[in-house]
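Asks: Okay, here's the structure, questions in a sec.
Bear in mind these aren't lab numbers, they're just calculated from the coordinates by the rules spelled out. The structure presented is a predicted model; accordingly, all values stated were derived computationally and were not measured. As a convention, Cβ positions derive from the backbone with ideal geometry for all residues, glycine included, and neighbour counts pool all protein chains shown.
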Amino acid sequence: MKKNIAEAIGTAVLVVVGCGTAMLVGCNAASGSGYLLTALAFGLTIVAMAYSIGNISGCHINPAVSLAFLIRGDITAQEFVSYVISQCVGALCGSALLAAIFGAGHVTDATGGFGSNGLAGVNGSVIAGLLVEIVLTFIFVMAIMGVTSRKAQHGSFGGLVIGLSLVLVHILGIGLTGTSVNPARSFGPAVVAAISKNPAPLASLWVFIVGPLVGGALAALVYRFLED
């Protein structure tokens, strides 16, 4: 139960800080600084959560990461399901908090509704959006697999490496899909935006669930092959 609560809190914080920053600074090609600030917000949140709840739940706060750990055999199927539920609940709570802070007027802003993801940067192409999310999640989860490997020698710097890896993939991905690499992070804002009468993000939500899960699974399988 404590692990599940930690995962819910961590995911809520990720949504509030990451998506909240995106709402404040805007994410468009004319504002490169907005890209960087949003990327840093997501990455630094991971760093903060890794060093606060990492020793409790492992700080997955991402179903794609939990799936990778399931494939590697670090968690059971039951733990995987409970983690994913906790992460989605946390994302919903974080998005609801953003709605309370910013108000419903922001659901049609440049972020697509409380920082939800979209396909505008890839001209609405579902295939391109899937490829972006698969590749970026693969890169991110590969870094996590390496840092958390039993052969790793990163010591206490693991959380920093993972956080900076998330910054890295956001720098490229924000202008394309808004960078999900995390189904829960996409689920919460899209649902709360729909409740606030902006159902548009729900149309492509499946891309930001399937893409990261495929990317995470591929990273786990490839890393296991390389490490053996």
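Asks: Relative to the first principal axis of the alpha-carbon coordinates of the chain, what is the inclination of helix 158-173, with its axis defined by its Cα atoms, in degrees from 0 to 90 and to the nearest 10?
Replies: Between helix and principal axis, roughly 40 degrees.
Asks: A follow-up question, please. How far is the Cα center of the stretch 174-202 from the Cα center of the stretch 60-93, in Å?
Replies: With the stretch 174-202 and the stretch 60-93 each reduced to a Cα centre, they are spaced 19 Å.
Asks: Give me the distance in nm between label points sitting 7 Å out from Cα along the Cα-to-Cβ direction at R224 and I195, one decimal.
Replies: 3.7 nm
Asks: Compute the angle between helix 2-14 and the longest alpha-carbon principal axis of the chain, please, reported from 0 to 90 degrees and rounded to the nearest 10.
Replies: Around 40 degrees separate the two axes.
Asks: So how far, in whole Å, is the C-alpha centre of the stretch 9-28 from the one of the stretch 37-59?
Replies: Centre-to-centre distance over Cα atoms comes out at 13 Å.
Asks: Continuing with the same structure: May I ask for the angle, rounded to the nearest 10°, between helix 63-72 and the longest principal axis of the chain, with both axes built from Cα atoms and the value confined to 0 to 90°?
Replies: Tilt of helix 63-72: around 20 degrees.
Asks: Counting pairs of Cα atoms in the stretch 2-227, how many percent are more than 33 Å apart?
Replies: Beyond 33 Å sits 9 percent of the P(r) for the stretch 2-227.
Asks: Let me ask something else about it. For the chain, with only Lys/Arg (+1) and Asp/Glu (-1) charged at the beta-carbon, what is the dipole magnitude about the Cα centre, in debye rounded to 20?
Replies: 180 debye
Asks: Further question: Using the Cα centre of the chain as origin and beta-carbon charges of +1 (Lys, Arg) and -1 (Asp, Glu), tell me which of A6, I171, P189 is placed farthest towards the positive end of the dipole.
Replies: Of the listed residues, the answer is A6.
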